[in-house]
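Enquirer: Have a look at this one before I ask anything.
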Amino acid sequence: MANRQFNYALCIDALEITYTASDAQKSFLSTIEKKLHIGEDNTSLWLERIESRHYRDEFIIKCADADNNGYDIVRVVGYLRSGSFNPNRQLVYLTFENAALYSWILQARYYVEAALGMKFYRISKIDIAVDFDFNIQKRLIALLKTTPYDIIVNGRIANRKSVKGLNVHAYNISISRMFAHPELSISNDDSTLQMKTYNKRKEIEESSGKAYITECTGFTGTHYRLEVTCKNYKRLLPTLKALGIDDTYLYVHLDNDETLKTLFCDILNRLIYLRKGRKQINIIDEVLNDLK
């Protein structure tokens, strides 16, 4: 995605990392009754136990930080979970708080891992978002309405009578109605892989209140988002294989925009792309080409 007469910001919007831990470490977590300070200075990072319906042990991870004015604050890093009642989730899972992903905290993942005595295993869930300072949603819809190329959705060619997969909750709808919703959303058959576009500024102002995203992107005017969601490792693995990277490489390069862009584009292409003969065309690249 070349940078032309527009601005964009790339970010991770949701992240779950799976770790392994020794039986002794898991048992130790079970002994924590309320709160435990960890780390070298024993004050900057701590766990607080919370009630859980799905795990034997669940904690909020918090850390000491400072705001933009230098005042001391407490920041939520994420949620640590161990001892799942689901037999298929028997490792240790760290889900990052959304606000933490728009701060420096992700860069401290190695410290958190070491302080908790865990070992990285894999990225199990990830959402990647690209924010634009123009209406990417409108341009995408215009492209898909007028393109002379084949539209491939979930590996199947869309025809002019019906499109399966465009708008998550509307399968086999008439092409004249496939863009009836204000937000364009596409998912695979079990909704474990998704993409959607929406007015991020409106969402922040009217529902989420996540002003820290506006502060991070700097988009105080027009602000639209295109987001891809990968809800489990089974769906992420084909992209890693296609890109020739392994779990550790992704973990190390979570801060690297080029790695995230490559990951984002491959996941998006698995959901929807244009086809000109045998050539595959990324829908974002096609929109941005029109902005020359």
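Enquirer: Return the whole-Å distance between the Cα centroid of segment 15-81 and the Cα centroid of segment 210-261.
Expert: 24
Enquirer: Once both labels are modelled 7 Å past Cα along the beta-carbon direction, what's the residue 191-residue 76 spacing in nm?
Expert: Modelled inter-label distance: 2.3 nm.
Enquirer: In addition: For segment 71-161, just say rounded, prolate or oblate: build the C-alpha gyration tensor, square-root its eigenvalues into a ≥ b ≥ c, call rounded for a/c under 1.5, and beyond that prolate if a/b exceeds b/c, oblate if not.
Expert: Oblate, because a/c is 1.5 or more while a/b does not exceed b/c.
Enquirer: Looking at 243, 214, 273, which one has the Cα that reaches farthest to the positive end of the dipole of segment 198-292 (charges on Cβ: Lys, Arg +1; Asp, Glu -1)?
Expert: It is 273.
Enquirer: Sort the chain into rounded, prolate or oblate with this rule: let a ≥ b ≥ c be the square roots of the eigenvalues of the Cα gyration tensor; rounded if a/c is under 1.5, and if a/c is not under 1.5, prolate when a/b is larger than b/c, oblate otherwise.
Expert: Cα axes put the chain in the prolate bin.
Enquirer: Which value, in debye to the nearest 20, describes the size of the charge dipole of segment 2-131 about its Cα centre when Lys and Arg Cβ atoms bear +1, Asp and Glu Cβ atoms bear -1, and nothing else is charged?
Expert: 460
Enquirer: Moving on to the next point. What does the accessible area per residue of the chain come to in Å², with a 1.4 Å probe and no ligands, DNA or RNA counted?
Expert: Accessible surface, normalised per residue, equals 51 Å².
Enquirer: Might you work out the accessible area of residue 44 for me, using a 1.4 Å probe with all protein chains in place, and round it to the nearest 10 Å²?
Expert: Roll a 1.4 Å probe over it and residue 44 shows about 30 Å².
Enquirer: Rounded to the nearest 10 Å², what accessible area does residue 291 have for a 1.4 Å probe in the complete protein model?
Expert: Roll a 1.4 Å probe over it and residue 291 shows about 30 Å².
Enquirer: Any idea how many Lys pairs in segment 1-147 come in under 17 angstrom at the alpha carbon, given 8 or more places apart or on separate chains?
Expert: Lysine pairs meeting the criterion: 5.
Enquirer: Percent of accessible area on the chain owned by carbon and sulfur, 1.4 Å probe?
Expert: Here carbon and sulfur together make up 47 percent of the probe-accessible area.
Enquirer: Probe radius 1.4 Å, ligands and nucleic acids left out: which of 13, 133 has the largest accessible area, and how do the rest follow?
Expert: Correct descending sequence by accessible area is 133, 13.
Enquirer: Suppose the chain between residue 5 and residue 108 were pulled fully straight at 0.36 nm per residue; how much longer would it get relative to their current alpha carbon spacing?
Expert: Residue separation times 0.36 nm, minus the Cα-Cα distance, leaves 33.7 nm.
Enquirer: So what are the ³J(HN,Hα) numbers for segment 70-86, from phi and the Karplus equation (6.51, -1.76, 1.60; θ = phi - 60°), rounded to whole Hz, Gly and Pro as x?
Expert: Each residue of segment 70-86 in turn: x, 7, 5, 9, 10, 10, 7, 7, x, 10, 9, 10, 8, x, 5, 7, 8 Hz.
Enquirer: Using the crude model of +1 on Lys and Arg Cβ and -1 on Asp and Glu Cβ, and no other charge, please compute the dipole size for the chain relative to its Cα centre, in debye to 20.
Expert: Dipole magnitude for the chain comes out near 1660 debye.
Enquirer: Using 0.36 nm times the number of residues separating residue 89 and residue 232, minus their current alpha carbon distance, what extension gain do you get?
Expert: That works out to 50.3 nm of additional length.
Enquirer: Give me the distance in nm between label points sitting 7 Å out from Cα along the Cα-to-Cβ direction at residue 280 and residue 66, one decimal.
Expert: Here the answer is 4.7 nm between the modelled labels.
Enquirer: Would you please give the FRET efficiency between residue 51 and residue 154, computed as 1/(1 + (r/R0)^6) with r the Cβ-Cβ distance and R0 = 25 Å, to the nearest 0.05?
Expert: FRET efficiency, residue 51 to residue 154: 0.05.
The values are calculated or read from the model by the stated rules, or taken from the named source; none is laboratory data. Just so you know, these numbers come straight off a predicted model, no measurement behind them. Ideal geometry is used to build each Cβ from the backbone, glycine not excepted, and the neighbour counts take in all protein chains shown. Quick note on the areas: whole protein, heavy atoms, side chains included, nothing else; ligands and nucleic acids left out. Shrake-Rupley method; radii C 1.70, N 1.55, O 1.52, S 1.80 Å.
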